[in-house]
């Protein structure tokens with residue numbers, strides 16, 4: 001659907017967008033297409049890695065099984081809470097940080113670089129360091145809290161279902177807020193100074209500036225960042241795996257972790273693939289809604 | 001942007017909150033760094049030893065001299081840079097196409113890029129391994145760079161598209177009226193103005209590649225081992241080499257932080273620096 | 001459709017002919033044979049280079065290409081091994097554990113070594129106990145034993161003495177000792193409820209008569225043993241609050257920090273504990289039932305010859321080299337475990353004698369988890385999850401046993 005203000009000139013350039021897209025498509029599809037197809041194939045079979053001789057086709061059998069699997073529903077529930085908390089809080093902290101870093105002050109460069117650090121560490125280090133900080137016996141968190149009188153006995157953070165979940169969420173907020181901070185900051189930088197000057201002349205308060213100029217201008221960047229981050233967080237499992245392995249019990253099981261454990265611990269690649277595909281389909285739903293809404297705006 | 005607030009106001013509204021945030025970001029890292037300069041005896045001590053009596057650099061020595069860590073750092077650097085260049089080179093034209101053109105299958109293609117990322121890598125890692133082996137790219141730089149780009153590119157395209165969308169189309173039109181070709185528009189108009197977005201996206205690709213574990217674990221061997229994989233060598237069955245691990249962790253964060261420090265300037269918008277009035 | 005066939009045809013079809021073509025030249029023995037060997041050491045500063053140099057000197061036609069594969073909690077090592085086998089890129093030999101033997105056999109990945117060890121001089125230097133433990137279900141020998149540990153009980157000798165108690169032999173004595181040592185924020189027993197903790201649980205459950213055969217996990221003795229074990233945490237409260245998620249790192253740290261009085265582990269942590277606690281720490285075999293032999297875990301590690309190897313004889317020379325006499329001792333100095341050779345065990349000095357003695361005293365009770373493809377999943381996921389749920393009170397101890405029974409026997 002082309003609008004009247006379409007910038008692309010006459011039909012002779014109709015190939016251009018496709019040409020511009022070609023390298024990206026080659027790089028991504030060539031590497032991913034076949035493995036994804038293979039995963040779909042595996043999900044339709046009862047495929048156990050150490051029984052390569054006996055791989056019966058069972059159609060939607062794995063999917064039927066998963067709908068009746070209580071651990072699937074449990075993991076799904078956890079995933080939903082997980083994504084909302086982690087993405088939401090990462091975003092809020094990142095937004096505040098970006099707004100602060102966008103201002104001019106003497107230690108700005110330093111602050112900007114230091115804030116990056118959590119993002120610069122591999123998940124395994126983050127998982128291990130935080131696990132160690134939460135340690136019941138020798139952890140620094142318990143020690144600090146006791147010294148400040150906030151608790152009188154050490155807390156076994158990772159051994160209780162509720163505290164384990166929240167503890168990991170905190171570690172993930174720490175890991176991910178720099179992503180939002182940096183992304184939003186770059187967006188803030190593209191806002192023309194003239195807009196602010198015009199607002200100043202109209203006597204706008206800082207809050208009004210934020211609400212009517214800043215946020216709308218970066219709305220697209222925020223929405224994209226949220227979408228991308230949601231997808232990433234929905235699929236992430238390394239930190240949870242390192243910190244609790246899904247325990248205690250099933251209390252920190254998320255859907256990708258469940259799929260991973262089924263495949264790599266139980267060697268049930270067929271069922272694990274079905275779980276992964278389920279996750280993908282659910283994410284697809286979310287993305288569809290976003291793309292349709294965004295496309296309406298983008299087409300203007 | 002002139003700031004009309006009093007110094008006291010600035011203290012409470014800017015410096016203090018930011019300081020808290022920076023301390024939060026730094027805290028665990030500093031803890032890790034402190035651990036890396038303690039002796040093994042002090043590391044596991046209870047009550048917690050905050051300030052050791054003896055500082056030691058033995059873990060760093062052991063790390064750099066008696067393990068392959070130095071080489072692994074270099075490998076990671078090469079791979080992350082390669083992924084960054086390949087990723088940006090491939091994403092920028094694609095993002096431009098998505099932002100500036102309306103064509104058949106546009107929405108479908110944009111979504112398709114995302115779908116690739118929605119698949120948990122863990123599940124496709126074994127077929128991917130077999131694939132890489134068949135094309136002979138196992139344990140090579142290119143294999144891993146290709147792998148990392150594959151997963152970074154879709155996100156990059158989306159991010160760059162939104163950054164380019166924020167640039168008014170009038171700029172393009174003005175340039176075209178002056179007779180610029182599409183490539184010139186891309187190079188002379190869009191590129192300077194989207195630089196902050198480009199830098200951010202580049203950093204995103206670099207960091208993602210730097211921290212990536214699964215791919216590197218499966219596709220690398222002895223020759224092209226990255227730091228994330230090397231870290232796992234310190235986590236054994238019976239013991240965790242805390243000294244080596246924390247020393248490694250401290251070092252691992254540095255290249256990214258330094259990189260960020262270096263490209264800071266580019267984060268300032270091309271719009272405000274007058275690129276428009278050419 | 002057979003999976004391997006699918007991979008090969010799909011891979012070939014999608015990308016054209018693979019770059020690697022089979023060599024047309026018949027293997028010429030005059031050339032150097034290269035043996036690829038995968039290993040993992042806990043301490044990455046240690047390398048097998050000296051052993052390799054020695055071997056290559058003694059065997060001029062063979063080159064050893066040793067690759068250190070990150071352990072990553074065990075998962076990564078085996079994921080890579082399985083993937084390599086599936087992609088026909090496996091090494092010639094690799095360090096492996098018994099818990100994976102059944103799965104590797106199902107994949108046709110192992111080469112039997114019965115014929116090769118029959119004429120091997122070093123065979124007699126490894127005790128029959130150890131050979132038998134490593135035999136596969138089909139009676140053939142696939143694994144070449146390399147090193148071992150046995151799980152025993154560490155305890156605070158000074159605390160027991162102060163309480164006027166002897167090191168515990170039976171379950172009841174164990175409970176009494178744990179109670180005596182529990183005070184304030186110190187717990188008598190540092191229970192390992194996280195991944196790998198089945199080695200803490202088994203002495204009380206399998207030791208009490210549970211088996212992995214059909215019905216063996218829900219028999220009276222099995223249920224009673226498990227109830228007792230769970231009651232340590234929930235009723236007697238002799239375990240720390242973090243027990244449900246504690247792994248080996250946490251229980252060792254807790255014991256070192258003097259927050260627990262007893263832990264079940266093996267000689268791998270002995271030196272670390274002695275550095276922290278000196279003579280205050282000692283060890284005895286795990287608690288047993290009043291009228292029974294008891295049971296403890298035999299922690300194994302062996303080398304296996306992979307069926308896809310093109311240099312089987314050379315690879316066998318290497319793995320048998322590592323399991324003989326002085327070489328085995330040298331190898332274990334690098335890994336911190338116990339040599340499998342009888343000659344090596346008698347002259348072993350890397351660990352304090354009392355811990356070597358405790359290991360030796362535990363050998364008669366030592367066993368391994370069943371040689372079934374389900375064991376890996378049991379150890380990694382099924383046991384930790386149900387144990388944690390039982391410890392938290394989310395399920396009853398009996399439910400936990402039913403879950404395990406269902407996992408193994410359907």
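The values are calculated or read from the model by the stated rules, or taken from the named source; none is laboratory data. What you see is a predicted model, and the numbers here were worked out from it, not measured in a lab. So basically every Cβ, Gly included, is an ideal-geometry build from the backbone, and we count neighbours across all protein chains shown.
Can we say residue C:336 is in contact (Cβ under 8 Å) with a residue 40 or more places away in the chain, crowded, with 20+ Cβ neighbours inside 10 Å, at positive phi and not assigned by TED's automatic domain parsing to the domain that holds residue C:268?
Details: in contact (Cβ under 8 Å) with a residue 40 or more places away in the chain: yes; crowded, with 20+ Cβ neighbours inside 10 Å: yes; at positive phi: yes; not assigned by TED's automatic domain parsing to the domain that holds residue C:268: yes.
Yes; evaluated as a whole, the condition is true for this residue.
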Subset of the range C:237-269 [crowded, with 23+ Cβ neighbours inside 10 Å, within 7 Å of chain A (Cβ to nearest Cβ) and under 13 Å from residue C:155 (Cα atoms)] | C:254
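To keep it simple, each residue is scored yes or no on (1) touching a strand residue (DSSP E or B) at 6+ places or on another chain (Cβ under 6 Å); (2) free of Cβ contacts under 8 Å to residues at least 12 places away in the same chain; (3) outside any helix (DSSP H, G or I).
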| position | (1), (2), (3) |
| --- | --- |
| C:241 | no, yes, yes |
| C:261 | yes, no, yes |
| C:264 | yes, no, yes |
| C:272 | no, no, no |
| C:283 | yes, no, yes |
| C:294 | yes, no, yes |
| C:299 | yes, no, yes |
| C:302 | yes, no, yes |
| C:319 | yes, no, no |
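Would you call residue A:210 more than 14 Å from chain C (Cβ to nearest Cβ), surrounded by fewer than 23 Cβ atoms within 10 Å (Cβ to Cβ) and assigned to a helix (DSSP H, G or I)? Steps first, answer last, please.
Details: more than 14 Å from chain C (Cβ to nearest Cβ): yes; surrounded by fewer than 23 Cβ atoms within 10 Å (Cβ to Cβ): yes; assigned to a helix (DSSP H, G or I): yes.
For residue A:210, the condition - more than 14 Å from chain C (Cβ to nearest Cβ), surrounded by fewer than 23 Cβ atoms within 10 Å (Cβ to Cβ) and assigned to a helix (DSSP H, G or I) - is met.
Restricting to the range A:139-165, name every residue that is over 31 Å from the mean Cα position of the chain (by Cα) and at the interface with another protein chain (Cβ under 8 Å from one of its Cβ atoms). Spell out the reasoning first.
Applying the first criterion (over 31 Å from the mean Cα position of the chain (by Cα)) to the range A:139-165 yields A:143, A:146-154.
Across the range A:139-165, the qualifying residues are A:143, A:153, A:154.
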Take residue C:189 and decide whether it is in the same structural domain as residue C:292 (by TED's automatic domain parsing), crowded, with 24+ Cβ neighbours inside 10 Å and closer than 19 Å to residue C:281 by Cα.
-> yes
Residue A:96 facing chain B (nearest Cβ under 10 Å), under 21 Å from the mean Cα position of the chain (by Cα) and modelled with pLDDT under 90 | no
Which of the residues that make up the range B:129-151 are closer than 30 Å to residue A:257 by Cβ, under 23 Å from the mean Cα position of the chain (by Cα) and part of a helix (DSSP H, G or I)?
-> B:143, B:144, B:145, B:146, B:147, B:148, B:149, B:150, B:151
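With respect to residue C:225, determine if the residue is in contact with a helix residue (DSSP H, G or I) (Cβ under 7 Å, 6 or more places away or on another chain), crowded, with 19+ Cβ neighbours inside 10 Å, in the same structural domain as residue C:382 (by TED's automatic domain parsing) and farther than 15 Å from residue C:154 by Cβ. It would help to see each step written out before you state the result.
Working: in contact with a helix residue (DSSP H, G or I) (Cβ under 7 Å, 6 or more places away or on another chain): yes; crowded, with 19+ Cβ neighbours inside 10 Å: yes; in the same structural domain as residue C:382 (by TED's automatic domain parsing): yes; farther than 15 Å from residue C:154 by Cβ: yes.
Taking the combined requirement at face value, the residue satisfies it.
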Could you identify the single residue in C:130, C:117, C:85 that is at negative phi, in contact (Cβ under 8 Å) with a residue 12 or more places away in the chain, under 21 Å from the mean Cα position of the chain (by Cα) and in a helix (DSSP H, G or I)?
-> C:130
Select the helices (runs of 4 or more DSSP H) contained entirely in the range B:190-262, then report the ones holding at least 3 residues which are more than 30 Å from residue C:150 (Cβ to Cβ), at pLDDT 90 or above and within 14 Å of chain C (Cβ to nearest Cβ).
-> none
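What number of residues within the range C:54-82 are assigned to a loop (DSSP other than H, G, I, E, B) and either in the same structural domain as residue C:379 (by TED's automatic domain parsing) or in contact (Cβ under 8 Å) with a residue 40 or more places away in the chain (or both)?
Filtering the range C:54-82 down to residues assigned to a loop (DSSP other than H, G, I, E, B) leaves C:59-61, C:69-71.
Filter again for either in the same structural domain as residue C:379 (by TED's automatic domain parsing) or in contact (Cβ under 8 Å) with a residue 40 or more places away in the chain (or both), leaving C:59, C:61.
Within the range C:54-82, residues that are assigned to a loop (DSSP other than H, G, I, E, B) and either in the same structural domain as residue C:379 (by TED's automatic domain parsing) or in contact (Cβ under 8 Å) with a residue 40 or more places away in the chain (or both) number 2.
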Just a yes or no: is a residue in the range A:192-200 at the interface with chain B (Cβ under 8 Å from one of its Cβ atoms), outside any helix (DSSP H, G or I) and surrounded by 14 or more Cβ atoms within 10 Å (Cβ to Cβ)?
-> yes
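Yes or no: residue B:39 away from chain C (no Cβ under 14 Å), farther than 23 Å from residue A:147 by Cα and in contact (Cβ under 8 Å) with a residue 12 or more places away in the chain?
On the way: away from chain C (no Cβ under 14 Å): no; farther than 23 Å from residue A:147 by Cα: yes; in contact (Cβ under 8 Å) with a residue 12 or more places away in the chain: yes.
Here the answer is no, as residue B:39 does not meet what is asked.
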Could you please give the count of residues in the range C:24-45 that are at pLDDT below 90 and surrounded by fewer than 17 Cβ atoms within 10 Å (Cβ to Cβ)?
-> 10
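Look through A:168, A:173 and report the one residue that is assigned to a helix (DSSP H, G or I) and away from chain C (no Cβ under 14 Å).
On the way: A:168 fails: away from chain C (no Cβ under 14 Å).
Testing whether each residue is assigned to a helix (DSSP H, G or I) and away from chain C (no Cβ under 14 Å) leaves just A:173.
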What are the residues in the range B:91-109 that are part of a helix (DSSP H, G or I) and more than 7 Å from chain A (Cβ to nearest Cβ), if any?
-> B:92, B:95, B:98, B:99, B:106, B:108
Restrict the check to the range C:112-124 and report whether at least one residue is within 14 Å of chain B (Cβ to nearest Cβ) and either within 30 Å of residue B:137 (Cα to Cα) or buried (at least 19 other Cβ atoms within 10 Å of the Cβ) (or both).
-> no
When residue C:277 is run through (1) closer than 24 Å to residue C:173 by Cα; (2) surrounded by 24 or more Cβ atoms within 10 Å (Cβ to Cβ), the failure sits at (2)
Mind checking which residues of the range B:100-109 are touching a helix residue (DSSP H, G or I) at 6+ places or on another chain (Cβ under 7 Å) and surrounded by fewer than 22 Cβ atoms within 10 Å (Cβ to Cβ)?
-> B:101, B:103, B:106, B:107, B:109
Subset of the range B:152-172 that is under 16 Å from residue B:85 (Cβ atoms) and more than 7 Å from every other protein chain (Cβ to nearest Cβ) - its residue that is surrounded by the fewest Cβ atoms within 10 Å (Cβ to Cβ) = B:160
With respect to the numbered conditions (1) in a helix (DSSP H, G or I); (2) surrounded by fewer than 22 Cβ atoms within 10 Å (Cβ to Cβ), which one is the sole condition not fulfilled by residue C:370?
-> (1)
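Could you please find all residues in the range C:192-221 being in a helix (DSSP H, G or I) and out of contact with any helix residue (DSSP H, G or I) (no Cβ under 7 Å at 6 or more places or on another chain)?
Applying the first criterion (in a helix (DSSP H, G or I)) to the range C:192-221 yields C:198-205, C:220-221.
Residues satisfying the conditions are C:199, C:200, C:202, C:203, C:220, C:221.
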For the range A:14-26, what are the residues that are buried (at least 22 other Cβ atoms within 10 Å of the Cβ) and under 25 Å from the mean Cα position of the chain (by Cα)?
-> A:24
